[in-house]
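What follows is a short report on a single structure.
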Amino acid sequence: MANSRRKLIFNIYIGFYCSAVIQICICSQFTSSSIDQFNKDRGAFPVAINGEIFPWHELRLPTMVIPLHYDLFVHPNLTSLDFVASEKIEVLVRDATQFIILHSKDLEIMNVTLQSEEDLRYRKPGRKLTVLSYPAHEQIALLIPEKLMADLRYSVAIDFQAKLADGFEGFYKSTYRTLGGETRTIAVTDFEPTQARMAFPCFDEPLFKANFSIKIRRESRHVALSNMPKVKTIELEGGLLEDHFETTVKMSTYLVAYIVCDFNSVSGTASSGVKVSIHAAPDKWSQTHYALEASLKLLDFYENYFDIHYPLAKLDLVAIPDFESGAMENWGLVTYRETSLLFDPKTSSTSDKLWVTRVIAHELAHQWFGNLVTMEWWNDIWLNEGFATYMELISVNVTYPELQFDDDFLDMCFEVIKRDSLNSSHPLSNQAETSTHIKEMFDAVSYKKGACILNMLKDFLSEEKFKKGIIHYLKKFSYRNAKNDDLWSSLSDDCLESDSTSGGFCYSDSKTASNTLTFLREKVEVKQVMATWTLQKGIPLVVVNREGRSLRLQQERFLNGVFKEDPEWGALQERYLWHIPVTYSTSSSNAIHRHILKSKTDTLDLPEKTSWVKFNVDSNGYYIVHYEGHGWDQLITLLNQNHTFLRPKDRISLIHDAFQLVSAGRLTLDKALDLTRYLQHETSIPALLKGLEYLELFYHITERRNVSDVTENLKHYLLQYFKPVIDMQSWCDEGSVWDRRLRSALLKLACYLNHAPCVQKATELFSQWMESSGKLNIPTDVLKIVYSVGAQTTAGWNYLLEQYERSLSGAEKNKILYALSTSKHQEKLMKLIELGMEGKVIKTQDLAALLHAIARNPKGQQLAWNFVKENWIHLLKKFELGSFPIRMIISGTTSHFSSKDELQEVKLFFESLKAQGSHLEIFQIVLETISKNIKWLEKNLPTLRNWLLISI
Ligand code: BES
Ligand code: ZN
């Protein structure tokens, strides 16, 4: 029955249909030259699943045949949870060939036919092709009886079907519960980086851009969405409907998207006339309004900023109930995890608002950086992700200045420095071949380091020149692909788009010769400078030595956990050299001095005598600074005398660099701790929070290791030192963003440290909330704190779990789940893990964050780790190797370890995984992190203990 229905569909929609099962025969189909090739090097070719030789042995597709256009028809069945589909791919043959290699994964291919242009013209039926499949490379080969001729076009028609995928990739199912308790299913795609091949056979590499015409068949209770606006809907016999969408612009396969769902939406129109809609499950419709406001503002911003129209007539943003990452930038149909798009004024905090704004800003930036201009290959994914992350800063600062995103951006750079100062880091542009490697490229380095070095470059070139350069890049490479060098040339080339350029000259440019020379020099410079940041891994340390008016600068590779006196230090430094755009300010003027440090050492002369020098002004540079001699003492004195002589970001960077230098064995911990003493007078909240962050970190380290004397003294110190500002905090949502974040951070700390007034107030609010059956509105800034205190009793914990099931707000659910994970009862923590594994009450998409949260709880760290070890196989059934959740689970449950026994245990586990064939970059990162933690404690615990003794 099902089969005959499928046949009928194909008869209607393909125009030709062959019912015979594909015959797999290869021998007769090869010409003498192909056979020669085989005979020459038979061993080099893999074997297809039917035992025949597969004619292609590389992971990357050949370029003899390229796609021009896909006609794609898809009919998902949300009851039987499968789909039938067909496609016609128009291809151009660049070099004569006898086979076409396509990507295809887990698809049942039923029929393949080929038509030449002539066949099409004379309406000749397609010739049936033999299909070979090589799953290890996720490829199929279509064997052509007669050679395809160069420079001709052909049309390949494929009928195929599959189950809707179980996980989060390809064309998969997602479910949600309505307020009435009904479970509903939707079907949604998520393709990046290499999963379009799970939904339709295709040339699944970013360079193979094509146009797509998509048709979706659905039931009338659903709607279908795709990249483009709908052209028409056809009513079919039996009540089914079929939506036809406009043909897309030229784009990569990973950006194709379609959804069949029963969501509701809100819409608005951007200044340019683009229709923007936010879609969510019907009961969550009321949480969509902020996203609409933000996406309209941000779309307007980008269209103006890039001076390039968003090329589609509509933009849909959809909150998907089951989503692995945070969001995905499919052109015209951006998909989001619910917590990345929905905003519930009752339960979303100020940080939640910033997150939603950032994610929208990020994905909309991709509509230009990534969609319009795409990296040639995944090795340069930073061109997509680094840029989108950088554009978050530019766009949010303008559209939502009150969110004060600047300081968060700085924090993001600090986060990636931690990772990039380990030897296991990798260059921004990094080789990536297998799907696992490609997935691993979506990491902190690509996103955060990418964004931070772009910010540094902007600071170096000037905002105006940088903007002009990236607009030039976007215009020049529109609907095409680009690589690093293309970006650098656009950034050093200040020709206008209309100017003709050759060899670095702008012909319409009337600049004088000397100006042209400057321009040429810069052209070389940008590329030369940036190559040192993208092609080599790591971060430099600039060591400053001041003698009178002379500044001696020295650069080396900054290594966290490797000391200069360690034997391996020397080898780890070899051949590392950056072109560092250094900036500095001095006590004598407000001027920002600039210099490019291109050699290992250099000397600068100050124009006048100054009492202090601060390098890396506003922390725009991606480097750490060490002040030798009395440098740090002078800066500490300055902070204590009047910290406002330095700009707030400079104070933050001093705190950051000082503690990093402690980890690298260059500064003693007591010196860095002494630097934080001025914080009592600190007027900038981000700076205050930066200092607090380190002190809290040390508390957590010693607490986990059960170093009770130090833990107690640190608690004492924190509560005593920050008491005035803790006591000032109110329990409401008033003030600026940073006032509110300070409130959340301080009260969280105070309650965690069992500060009586805090626990009392939180307990009181929690009881009132329970008594009101969850109806009382608790201020969002303190919601997580109140829940966490409430979760410490069994009644409170159980009640929270009930509320978790009931809540329709992702923001609230996240807070409850965090609170539940702070319980001191292991059986409760185990119950959470079981619920997460079951995937009903706690969705699989939240499992990684849950395990991470439980591992952060001293009472849960061993439990989470043991669970991961014992259930690795089950976890791999839920998430792909190399995916973000797998990496989060591994690092989240291990990287806080700090003893030799733990290191050994983790090592053994990783060895066993490697023996089973799982190799991940994260293994090395974790091992290095644990070794670094061990070393830090060995070296610094006695210092911390003594410092506390004299400080409390
Ligand atoms: N392009 C990514 C989505 C993605 C992530 C695809 C990983 C393949 C692998 C998207 O633009 C993205 O970067 N999403 C982020 C959110 C963003 C605000 C940092 C994410 O999912 O975490
Ligand atoms: Zn992105």
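See the values below:
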{"item": "Per-residue HN-Hα couplings for region 659-670 [Karplus 6.51, -1.76, 1.60; θ = phi - 60°; Hz; x = Gly/Pro]", "result": "6, 5, 5, 5, 5, 9, x, 9, 9, 7, 4, 5"}
{"item": "Region 265-328, dipole about Cα centre (Lys/Arg Cβ +1, Asp/Glu Cβ -1), debye to the nearest 20", "result": "160"}
{"item": "Segment THR63-SER736, extension gain: residue separation times 0.36 nm, minus the distance between their alpha carbons", "result": "236.7 nm"}
{"item": "Protection-proxy order for peptides 218-226, 765-773, each taking the mean of Cβ atoms within 10 Å per residue, highest first", "result": "218-226, 765-773"}
{"item": "Gyration tensor (alpha-carbon) shape descriptor, region 538-681, a/c threshold 1.5", "result": "oblate"}
{"item": "10 Å beta-carbon shell around LEU881, net charge (K/R +1, D/E -1)", "result": "0"}
{"item": "Chain lengthening between GLU376 and GLN916 when straightened (0.36 nm per residue, less Cα-Cα)", "result": "191.1 nm"}
{"item": "Region 823-876 - percent relative contact order, Cα under 8 Å, separation 6 or more", "result": "28"}
{"item": "Local net charge near SER587, Cβ-Cβ under 14 Å (Lys/Arg +1, Asp/Glu -1)", "result": "+3"}
{"item": "Those lysines that a straight Cα-Cα span of less than 26 Å connects to LYS215, excepting residues fewer than 8 apart in one chain", "result": "LYS7, LYS88, LYS105, LYS124, LYS128, LYS163, LYS173, LYS230, LYS232, LYS250, LYS275, LYS314"}
{"item": "Percentage relative contact order, region 774-926, counting C-alpha pairs under 8 Å, at least six apart", "result": "16"}
{"item": "Size of electric dipole in region 823-876: Cβ of Lys, Arg +1 and of Asp, Glu -1, about Cα centre, debye, nearest 20", "result": "200"}
{"item": "Per-selection metrics, the chain (Cα): Rg and Dmax in Å", "result": "29.6, 93"}
{"item": "√(5λ) per eigenvalue of the Cα gyration tensor, region 894-951, largest first, Å", "result": "32, 9, 6"}
{"item": "Kirkwood-based shape ratio for region 566-606, expressed as Rg/Rh from alpha carbons", "result": "1.15"}
{"item": "In range of the label at ASP727: residues from region 689-719 whose backbone nitrogen is under 17 Å from the point 7 Å along Cα→Cβ", "result": "716-719"}
{"item": "Stretchable slack from GLN528 to THR793, in nm (0.36 nm times residue separation minus alpha-carbon distance)", "result": "89.4 nm"}
{"item": "Net charge of Cβ neighbours under 15 Å - reference PRO229; Lys, Arg +1; Asp, Glu -1", "result": "+2"}
{"item": "Region 598-695: C-alpha gyration tensor shape, a/c 1.5 cut-off, then a/b vs b/c", "result": "prolate"}
{"item": "Per-residue [θ]222 nm for the chain (sum of -39500 (n - 2.57) over DSSP H runs n ≥ 4, rounded to 500)", "result": "-13500 deg cm²/dmol"}
{"item": "Filter on LYS537/LYS614; LYS813/LYS843; LYS614/LYS690; LYS537/LYS877; LYS813/LYS840 - keep pairs with C-alpha separation over 21 Å", "result": "LYS537/LYS614; LYS537/LYS877"}
{"item": "For the chain: relative contact order, % (alpha-carbon pairs under 8 angstrom, 6 or more apart)", "result": "7"}
{"item": "Positive-end residue of LEU673, TRP612, PRO567, charge dipole of region 538-681 with Cβ unit charges", "result": "TRP612"}
{"item": "Order by protection proxy (mean Cβ within 10 Å, highest first), peptides 71-78, 529-536", "result": "71-78, 529-536"}
{"item": "Region 399-416 residues near the modelled SER271 label - backbone nitrogen below 20 Å, point 7 Å along Cα→Cβ", "result": "399-403"}
{"item": "Prolate/oblate/rounded call for region 823-876, Cα gyration tensor, a/c under 1.5 rounded", "result": "oblate"}
{"item": "Listed residues HIS426, THR288, SER348: farthest to the positive end of the dipole of the chain (Cβ charges)", "result": "SER348"}
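Here, each number is a calculation from the coordinates, and none is a lab measurement. Because the structure is a prediction, the values reported are computed rather than measured. All Cβ positions, even for glycine, are placed from backbone atoms using ideal geometry, and neighbour counts span all protein chains on display.
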